[in-house]
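The values are calculated or read from the model by the stated rules, or taken from the named source; none is laboratory data. Quick caveat, the model's predicted, so the values are computed rather than measured. Glycine gets a Cβ as well: all are built from the backbone with ideal geometry, and neighbour counts include every protein chain shown. All accessible areas refer to the heavy atoms of the entire protein, side chains included, with ligands and DNA or RNA removed. Shrake-Rupley method; radii C 1.70, N 1.55, O 1.52, S 1.80 Å.
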Amino acid sequence: MPLAYHEREKKLKCHYCGFQRDLPRLCPVCASAAIRHFGSGTQRVADETKKLFPEARVLRLDSDVAAKRGSYDSVYQEMLSGRADVLVGTQMIVKGLDFPNVTLAAVIAADTTLHLPDWRAGERTFQLLTQLVGRAGRRESRGRAVIQTYSPQSPAVSSAALQDYAGFYEKEILLRELAFYPPFCSLLRLLFSAQSAQQAAEAAKAVAGYLEMFLQEKGVLCGPAPAPVQKIKDLHRFQILLKGDLPALRKAVRQAWQKAGEEKLPGKGVRLQIDVEPLSFM
């Protein structure tokens, strides 16, 4: 499972099961010291592109630009008419745009979506990269696509580069089966939030104990663990993920919550949100 980096604690944590480890100083695969966490925004990419190609007209399209009235249509028309040479943007430029004269499409850090705490990370990465490759060469001119990645061995990346839909499905469905994820089970997520991190964690731990008692072998319990976004609007968040047959999961949750209420747990100030078949764990 993907591990998310926490700057304050200098650790990598799995938000599915709570496993954590120290930030590695060397690459666990090749032992290289050239390893670090990073991020790059569209503004920086656009600036670097202008330095490399000073004669080209470079446009940028992301949520900040699109928020300005008329900006999206303006950028689209500039590219459509051929008055602009390069368009730098986020995922929004991958879907739906049809520019007949585009002959090169490229993605930087294709691993960004691949390592998100999302059980559909491989599927979503494959979709995005496949759509990106399809942006180039949509008319008479032949197109080319460049994918920059640190995970070329990933089925999502390699299959997208080859436009191999069947090959990706075969690998992805096997991983889903081995990890017991949909379509081989149903998912149910319990999200606990409170103004105190300790209170949210204790509530999640208490309910998890009751869930183990009522669920037994009818499902799989993962967690409790910090939610991928640990804090929103002064509320600390912990989660439990359940896998199995949905009626059995629902029954176990009802029984566990009733038992917790009888024990006067999890206490005042704790909110519980239940997501059935969640599409995101964020």
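Any residue at all in region 230-247 that's touching a helix residue (DSSP H, G or I) at 6+ places or on another chain (Cβ under 9 Å), polar (S, T, N, Q), closer than 13 Å to residue 272 by Cβ and outside any loop (DSSP other than H, G, I, E, B)? Yes: one or more hits. I'd like the residue in region 213-229 that is surrounded by fewer than 17 Cβ atoms within 10 Å (Cβ to Cβ) and part of a strand (DSSP E or B) and, out of all such residues, is farthest from the chain's Cα centre (by Cα). If we take residues in region 213-229 being surrounded by fewer than 17 Cβ atoms within 10 Å (Cβ to Cβ) and part of a strand (DSSP E or B), then 220 is farthest from the chain's Cα centre (by Cα). Checking each residue in region 30-82 for being within 20 Å of residue 113 (Cα to Cα), touching a strand residue (DSSP E or B) at 6+ places or on another chain (Cβ under 7 Å), open to solvent by less than 70 Å² (accessible area, probe 1.4 Å) and polar (S, T, N, Q) picks out only 42.
Somewhere in region 3-25, is a residue at pLDDT 80 or above, over 21 Å from the mean Cα position of the chain (by Cα) and within 29 Å of residue 239 (Cβ to Cβ)? Among the residues of region 3-25, at least one is at pLDDT 80 or above, over 21 Å from the mean Cα position of the chain (by Cα) and within 29 Å of residue 239 (Cβ to Cβ), which makes the answer yes.
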